[in-house]
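The values are calculated or read from the model by the stated rules, or taken from the named source; none is laboratory data. In this text the structure is predicted, and so the values were computed from the model without any measurement. Cβ sites come from the backbone with ideal geometry, for glycine too, and all protein chains shown count toward neighbours.
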């Protein structure tokens, strides 16, 4: 076996600033994949631009809004997912306390249909803000894997979750994860070996160099097989607050010669997906 990695820029379509940065990184060849948020007003032009680049984004199943930008509305019209004003909450824990499986899968269907109607036929899906995984309350992993199997989609669920979480899962979550991986294998849903991303704030990191060192460490630790590093690059002024600093650092990292030299030195092959 060999070590392979999908380098993904998440959140295409989040808003215009992030979208422009992600599209530029794709055009420059600095990332090998992206994920599309279909709920945003910026999704339509993002879909058009990514088609022009010849890049097929994955579906970023989105069940919550984000702070700092106007709230999104579900495409499937499921009132059970929305606040009284019809918008999606920006708190994953609120969603985790009230979301019902039928509404969740119905919304995933609506978002997948949105992509297909625009000539984008994704090979895989994943979960914006991790809401499908049960990290914020209720889990819809079994339903999501069944949905992926019905549509022939791979899914961003790591076989080994420790690099993402920074340590072992609590026993209850570990058992649920083991069952989900077994179910994915039974259903024929392709999974990455592991996934990793930055989960620390700008205050925790302190500097761009600390962020870069952390990603270099993650790169060196990738196991055999196909894994995924997913980042959220953007311009700093497109994302409010400290999150904008980290996202700007991630955009800088993806263009950094030190990062590209490490990819060569580690002998890690950059690929577009873990399902091929």
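Name the single residue that is farthest from residue 182 (Cα to Cα) among those in region 137-157 being assigned to a loop (DSSP other than H, G, I, E, B) and touching a residue at least 60 places away in the same chain (Cβ under 8 Å).
Taking the candidates together, the pick is 153.
For region 176-209, give me each residue that is assigned to a helix (DSSP H, G or I) and either touching a residue at least 60 places away in the same chain (Cβ under 8 Å) or surrounded by 14 or more Cβ atoms within 10 Å (Cβ to Cβ) (or both).
The answer is 176, 177, 180, 181, 183, 184, 187, 202, 205, 208.
Does region 244-251 contain at least one residue that is surrounded by fewer than 19 Cβ atoms within 10 Å (Cβ to Cβ), out of contact with any helix residue (DSSP H, G or I) (no Cβ under 7 Å at 6 or more places or on another chain), without any contact (Cβ under 8 Å) to a residue 60 or more places away in the chain and farther than 25 Å from residue 275 by Cβ?
no
Conditions (1) exposed (fewer than 14 other Cβ atoms within 10 Å of the Cβ); (2) under 25 Å from residue 222 (Cα atoms), marked per residue:
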| site | (1), (2) |
| --- | --- |
| 121 | yes, no |
| 129 | no, yes |
| 142 | no, no |
| 159 | no, yes |
| 163 | no, yes |
| 174 | yes, yes |
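Any residue in region 133-144 that is at pLDDT below 95 and touching a strand residue (DSSP E or B) at 6+ places or on another chain (Cβ under 8 Å)?
yes
Under the condition of being within 19 Å of the chain's Cα centre (by Cα) and part of a loop (DSSP other than H, G, I, E, B), which residue from region 210-232 is nearest to residue 256 (Cα to Cα)?
Per the stated criteria, the residue is 232.
Any chance you could count how many residues in region 11-32 are under 24 Å from residue 113 (Cα atoms), surrounded by fewer than 24 Cβ atoms within 10 Å (Cβ to Cβ), in contact with a strand residue (DSSP E or B) (Cβ under 8 Å, 6 or more places away or on another chain) and touching a residue at least 40 places away in the same chain (Cβ under 8 Å)?
1
This table checks each residue for (1) more than 22 Å from residue 32 (Cα to Cα); (2) part of a helix (DSSP H, G or I).
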| residue | (1), (2) |
| --- | --- |
| 126 | no, no |
| 129 | no, yes |
| 132 | yes, yes |
| 135 | yes, no |
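Please determine, by comparing only the residues of region 235-272 that are within 16 Å of residue 22 (Cα to Cα) and not in a helix (DSSP H, G or I), which one is farthest from the chain's Cα centre (by Cα).
256
Would you mind stating whether residue 128 is under 18 Å from the mean Cα position of the chain (by Cα) and within 22 Å of residue 55 (Cα to Cα)?
yes
If residue 223 satisfies every condition in (1) in contact with a strand residue (DSSP E or B) (Cβ under 7 Å, 6 or more places away or on another chain); (2) under 30 Å from residue 103 (Cβ atoms); (3) at pLDDT 95 or above but one, which is the exception?
Going through (1) in contact with a strand residue (DSSP E or B) (Cβ under 7 Å, 6 or more places away or on another chain); (2) under 30 Å from residue 103 (Cβ atoms); (3) at pLDDT 95 or above one by one, residue 223 breaks only (2).
Among residues belonging to region 34-68 that are over 30 Å from residue 271 (Cβ atoms) and either at pLDDT 95 or above or touching a strand residue (DSSP E or B) at 6+ places or on another chain (Cβ under 7 Å) (or both), point out the one that is surrounded by the fewest Cβ atoms within 10 Å (Cβ to Cβ).
Taking region 34-68 as the starting set, the residues that turn out to be over 30 Å from residue 271 (Cβ atoms) are 41, 65, 67-68.
With either at pLDDT 95 or above or touching a strand residue (DSSP E or B) at 6+ places or on another chain (Cβ under 7 Å) (or both) added as a condition, the list becomes 41, 65.
Numbers: 41: 13, 65: 22.
Only one residue fits best here, namely 41.
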